[in-house]
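Asks: First, the structure itself, so that you have it in front of you.
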Amino acid sequence: MQSARTSVTAVSPPQLVVFDLAGTTVEDHGNVAGFLIEAMALCGHAVTLAEANAVMGEPKPVAIAQLLSARIGPVTKDHDLVKATHAEFLCRMNHYYATSPAIREIPGTSRVFQALRARGIKVVCDTGFERSTVEALLTRLGWRERGLVDDLVPSDEVAKGRPAPDLIFEAMRRVGLTEASRVAKVGDTPSDLGEGQSAGCGWVIGTTYGSHTREQLQPHHPTHIIDRIEDLLPILLDGAIA
């Protein structure tokens, strides 16, 4: 395991772990980026996989606005073309999460959630998706019904999405926690890592099995980079800054 320290000092164990969804705890074989590319094309603008991956983890209207701004000049998430493209994306993403037989968790995720909660650690998922997208997903995974997660914070329930700290601060508020140094953030994108760092999390952990490689994550200064979700447990429960 390879890592790079941040300026934050973690105190073991954490009181809250905030997990990203697609690519971190839910299998994603390029589906999110693929649907984003499809939606952009339907609205008249081709983007590459590399461009789509570069905005993964961000609220999707913001991601779309960034992609369009590079093509037609500066636009905001309230621009009509952004709204139309986002609607196309939501249609595809929501249908996929509601119906695809391929929907499954990253192997080992439930065991990690159970181990954390057995130690009294809160588990919250946050996401660059809106609630309408992730409700069907969480229902199919059954995490809430099995008591594996305490809450979900989607991007449309905070003022600013990643890499701003709002999602983490809202997760902390919902579980009654005030010290960000006792929070771990886990995600597969640079925006996940930026979110954790901007919030002052004690652990900011990148995963290599999602949308970005170790080499792509390393420049964003995570405290740890892991290759399997099970690798979290010795880090978080033993408190090692490796």
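Asks: Can you tell me how many residues in the range 141-158 are buried (at least 18 other Cβ atoms within 10 Å of the Cβ) and out of contact with any helix residue (DSSP H, G or I) (no Cβ under 8 Å at 6 or more places or on another chain)?
Replies: Total satisfying the criteria: 1.
Asks: Let me ask something else. Show the residue pairs that are 6+ apart or on different chains and have beta-carbon atoms under 7 Å apart, the first residue being within the range 152-166 and within 20 Å of Leu137 (Cα to Cα) and in contact (Cβ under 8 Å) with a residue 24 or more places away in the chain, the second being in a loop (DSSP other than H, G, I, E, B) and among the hydrophobic types (A, V, I, L, M, F, W, C).
Replies: Pro154/Phe129; Ser155/Phe129
Asks: In the range 195-234, what residues are under 18 Å from Gly128 (Cα atoms) and modelled with pLDDT of 95 or more?
Replies: Result: Glu195, Gly196, Gln197, Ser198, Ala199, Val204, Ile205, Gly206, Thr207.
Asks: May I ask you to list the residues in the range 47-82 that are without any contact (Cβ under 8 Å) to a residue 24 or more places away in the chain, in contact with a Lys or Arg (Cβ under 9 Å, 6 or more places away or on another chain) and of a type outside the set (D, E, K, R)?
Replies: Val47, Ala65
Asks: Which condition number in (1) touching a Gly at 6+ places or on another chain (Cβ under 7 Å); (2) at pLDDT below 95 is the one that Thr24 fails?
Replies: Only one criterion is unmet by Thr24, namely (2).
Asks: May I pose another question? Before we move on, is Thr85 touching a residue at least 40 places away in the same chain (Cβ under 8 Å), more than 17 Å from Thr25 (Cα to Cα) and hydroxyl-bearing (Ser, Thr, Tyr)?
Replies: So Thr85 fits the description; yes.
Yes/no matrix, rows are residues, columns are (1) touching a residue at least 12 places away in the same chain (Cβ under 8 Å); (2) buried (at least 24 other Cβ atoms within 10 Å of the Cβ):
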{"site": "Thr127", "(1), (2)": "yes, yes"}
{"site": "Arg131", "(1), (2)": "yes, no"}
{"site": "Thr139", "(1), (2)": "no, no"}
{"site": "Arg173", "(1), (2)": "no, no"}
{"site": "Ala180", "(1), (2)": "yes, no"}
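Asks: Considering only residues that are within 16 Å of the chain's Cα centre (by Cα) and assigned to a helix (DSSP H, G or I), look in the range 217-242 and name the one that is farthest from Val32 (Cα to Cα).
Replies: My answer is Leu232.
Asks: Starting from the range 185-207, keep only residues that are in a strand (DSSP E or B), then list their pairs with residues that are of a type in the set (Phe, Trp, Tyr) whose Cβ atoms are within a distance under 6 Å, requiring at least 6 positions of separation or different chains.
Replies: From residues that are in a strand (DSSP E or B), the pairs are Val186/Phe19.
The values are calculated or read from the model by the stated rules, or taken from the named source; none is laboratory data. Nothing here was measured: the structure is a model prediction, and the numbers come from that model. All Cβ positions, even for glycine, are placed from backbone atoms using ideal geometry, and neighbour counts span all protein chains on display.
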